[in-house]
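Only one structure is covered here, and it is reproduced in the block below.
Derivation of every value follows stated rules applied to the coordinates shown; laboratory data play no part. The structure displayed is predicted, hence computed values, not measured ones. Neighbour counts are summed over all protein chains in view; Cβ atoms, including those assigned to glycine, are modelled from backbone coordinates with ideal geometry.
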Amino acid sequence: MNIISVGVNHKTAPIEIRERIALSEVQNKEFVTDLVSSGLASEAMVVSTCNRTELYVVPAMSEVNCDYLKEYLIAYKDARNTVRPEHFFNRFYCGTARHLFEVSSAIDSLVLGEGQILGQVKDAYRIAAEVGTAGILLTRLCHTAFSVAKKVKTRTKLMEGAVSVSYAAVELAQKIFSNLSMKKVLLVGAGETGELAAKHMYAKNARNIVITNRTLSKAEALAEELGTNRVLPYESYKEHLHEFDIIITAVSTKEYILNEAEMQQSMMRRRLKPVIMLDLGLPRNIDPEVGKLQNMFLKDIDALKHIIDKNLERRRAELPKVKEIIDEELVGFGQWINTLKVRPTIVDLQSKFIEIKEKELERYRHKVSEEELRRMEHLTDRILKKILHHPIKMLKAPVDTADNIPSKVNLVRNIFDLEEPNQSLQ
Amino acid sequence: MANIFLENSLLFTLTQLVPLLYIATSALYGLHFFRELPLAGKLKQPALILTIVSHIADIGLLTSIEGYRLSYSAYNLMSMVALTLTITYMFIELTTKSDKTGFFVIAFAAGSALLSSILSAKTIDAGPAFSGLGIGVHLIAAIFGFSSIAIAGLYSGLYLILFRQIRLNRFGLLFQRLPNLEVLELLIMHAVAFGFFFLSITIGAGIVEQQASQESIRLLDPKLISIVVIWLLYGISLFVKPLVGWDIKHMAVLLIATFVLVTALLFIMSLFTPSFHGVSI
């Protein structure tokens, strides 16, 4: 029994290749169903996100190898002109398990420790389970991967700290102010960047968010979406600067929209109470001289990237702990796989003894009463259980390497004169 | 006269053990703050409680010699400063659920306890002992007052460090682990309020006691002058800031300076002029 994984991801292929090979949910369902129903695979699952499309397959035929699966996917996506087998990676057996554990725990992600991938792997498993292509092996593999991800999240700090500019802005604000719900936030610019920053602020309990934008309707739409319903006309927002503790600017402009004199005046009006100004615009929206004012924390994108770099550094420092967790789970998963290999021998062994027991009891069926036969059956069951206990325990016991399993299996089969194992069970 | 610590083996052992416990506790807080060792995180609070209990037992045993009266010696003052600082910190940790500043406060307390232990080796006797409710309140309030000054100074230092780190885009360990600026400001203002309260009691109890005993005290005693100056400064900090918005950064600098000056003054005066405001006891 083998498990293969092939796929393209951000490490093996550029974005134009990844987007060409990606599968939608509908395609995902159709693809895995085709693989299994055509008899090529006994189990199949596809993890498809913007950064990866990866197949996890338990082949049902010896011809179904990595190259076969790559060609199968390329053909399914009709992408022979752009996607080549060299864009794929290959993993086998424990390598497949390790890879899925690394993917689920987000150490294989483009942004180390990002929080979305686990949900995406869960979605992939859900799809496979819904269409019935997730069997015993993939189910166990996925559940172990979820367990790895959970342990990584609780035991390490891999997912801590902001790794996006808009979230870093919120993290910085929380290092200055203890309770964002008590602070007044001004968002200048209702574009994508501003919207993201406002949403992060809102998620951290900032409720007093006022939006201003050159096109007032956009400000109103965003305010409504956030549920604050508070906007200021762009022409007059500067008159209210002193009221705000956090000012976020994200507008597209070639000139500074706020200068030192304006902010100096605002600071005097608010009795020098600290202000954070987060300039998320490119080119910058706020005159850098503003940052020199007393109790003024002016941060642009570069400054926020310092926070991101530090957080990523801290996340990288957690990698040894994550790998330790993966190794632990991999050992457990490997042992479970090994028990699958000895399972047919255990079944054969039990069948053989039951057969002997039934033959012997049959000889006495008409010589003893029903009650006596029942007692004899009970007694033989107990004897069989005790005789078989040790050989079964020995078969199930963990082994150093998978290579030791055949010698153990052969030993038991020879001693008890068992027939050749049924291939379908292996 | 014989050294009282050498005559009592239990007192001697406890007196040597207390600074070691302070050092161990501050090491645990340090390991948890800088290295985030889970074991240190688990052990630090029990260690803090054990240190406080041992220290109280040590002071109880020491003062029992003088009928449980506080004595005025450099050893005792430094020891009491360590204890009150630690108790005040424990109160902060339990009420705010924040243990991020523990290392800085307890390390200072450990320094005081260690100094006290060193001074105890030179102590000939327990120093002049005081009796009476007024002088007891005066002394205890003064010690708690100094602890508040120390905490205000230490938190002011942390505030300025974090402020500077944010201004200079240095988002390192201290940025990650210290409480935010607003919390530090709140802690400073609480320490100032406590300081003002205890110094008011110190001054009030001192006046009452002086009038009751008819003892003449030296009005130009540096301790007396400094306590009044600090009391005024703390009062102004408390009442002026909300009215005119005194910048916390400037206030923090002044509080650090106050803390450093008072610590130096207390130590020097205790070593070289072991008299009580010029009164011979």
Q. If you count, for each residue, the other Cβ atoms within 10 Å and average over each peptide, how do B:247-260, B:75-88 line up from highest to lowest?
A. B:75-88, B:247-260
Q | Cα-based reach from residue A:183 at 15 Å (exclusive), listing aspartates and glutamates while leaving out same-chain residues under 8 positions away | A | A:171, A:243, A:245, B:182
Q: Sum up the lysine pairs in the range A:334-425 that clear both bars: alpha-carbon distance under 13 Å and a spacing of 8 or more or different chains.
A: 7
Q) What's the center-to-center distance, using Cα atoms, between the range A:1-26 and the range A:277-325 in Å? A) 32 Å
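Per 0.36 nm of contour for each residue apart, how much would the distance between residue A:289 and residue A:385 grow if the chain were fully extended, relative to their Cα-Cα spacing? Intermediate results must be reported in sequence, preceding the final value.
Working: separation 96, 0.36 × 96 = 34.56 nm, distance 8.46 nm.
Extra length from residue A:289 to residue A:385 when fully extended: 26.1 nm.
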Q: Take each uninterrupted DSSP H stretch in chain A, measure its Cα extent along the helix axis, and return the ones at 20 Å or beyond whose mean Kyte-Doolittle hydropathy is at least -1.0.
A: A:117-131, A:136-155, A:301-317, A:319-364, A:370-396
Q: Divide by every residue of chain A the summed helix terms, -39500 (n - 2.57) for each DSSP H run of at least 4, and state the resulting mean residue ellipticity at 222 nm, rounded to the nearest 500 deg cm²/dmol.
A: -17500 deg cm²/dmol
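Under 8 Å for C-alpha pairs, at least 6 residues apart: give me the relative contact order for chain A, rounded to a whole percent. Write out the running numbers ahead of the final one.
Working: 613 pairs, mean separation 52.2, N = 426.
Once normalised by length, the contact order is 12 percent.
For peptide A:283-295, what's the mean number of Cβ atoms from other chains within 10 Å of each residue's Cβ? Don't jump to the answer; show the numbers that get you there.
Details: counts 0, 0, 0, 0, 0, 0, 0, 0, 1, 1, 0, 3, 6.
Going residue by residue through A:283-295 and averaging, the value is 1.
First check a/c for the range A:334-425, with a ≥ b ≥ c the square roots of the eigenvalues of its C-alpha gyration tensor; if it is under 1.5, answer rounded, and if not, answer prolate when a/b is larger than b/c or oblate otherwise.
Prolate shape, in that a/c is at least 1.5 and a/b is the bigger ratio.
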Q: Summarise the partner chain shielding of B:163-173 as one whole number: the mean count of Cβ atoms from other chains within 10 Å of each residue's Cβ.
A: 5
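Let me make sure I get this right: for the range A:1-117, a, b and c are the square roots of the gyration tensor eigenvalues over alpha carbons, sorted descending. Under 1.5 in a/c it's rounded, otherwise prolate if a/b > b/c, else oblate. Which is it? Kindly include the intermediate steps, with their values, before the conclusion.
Details: a/c = 1.61, a/b = 1.22, b/c = 1.32.
Judged from the Cα gyration tensor, the range A:1-117 comes out oblate (a/c at least 1.5, b/c at or above a/b).
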Q: Filter the trypsin sites (Lys or Arg not before Pro) in the range A:219-327 down to the DSSP loop ones having no more than 10 other Cβ atoms within 10 Å, then list what survives.
A: A:254
Q. Exactly which GluC sites (Glu not before Pro) in the range A:1-65 are in a DSSP loop and have at most 14 other Cβ atoms within 10 Å?
A. A:63
Q. Using alpha-carbon pairs under 8 Å, 6+ residues apart, how would you state the relative contact order of the range A:4-160 in percent?
A. 29 percent
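Beyond a 25 Å Cα-Cα separation, which of these cross-linked pairs lie in this structure: A:70/A:122; A:184/B:100; A:153/A:310?
Values: A:70/A:122 23 Å; A:184/B:100 27 Å; A:153/A:310 19 Å.
With Cα atoms farther than 25 Å apart: A:184/B:100.
Of the cross-linked pairs A:175/B:241; A:175/B:249; B:223/B:249; A:204/B:42, which ones have a Cα-Cα span greater than 20 Å in the structure shown? Provide the component values of the computation, followed by the final result.
Values: A:175/B:241 22 Å; A:175/B:249 16 Å; B:223/B:249 27 Å; A:204/B:42 29 Å.
Check vs 20 Å cut-off fails for A:175/B:241; B:223/B:249; A:204/B:42.
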**Q.** Cα gyration tensor category, rounded, prolate or oblate, for the protein assembly as shown with a/c compared to 1.5
**A.** oblate
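With only Lys, Arg, Asp and Glu charged, each at its Cβ (+1 for the first two, -1 for the last two), find how big the charge dipole of the range A:165-305 is about the Cα centre; round to the nearest 20 debye.
Details: 19 positive and 18 negative charges, 100 e Å.
Around 480 debye, computed over the range A:165-305.
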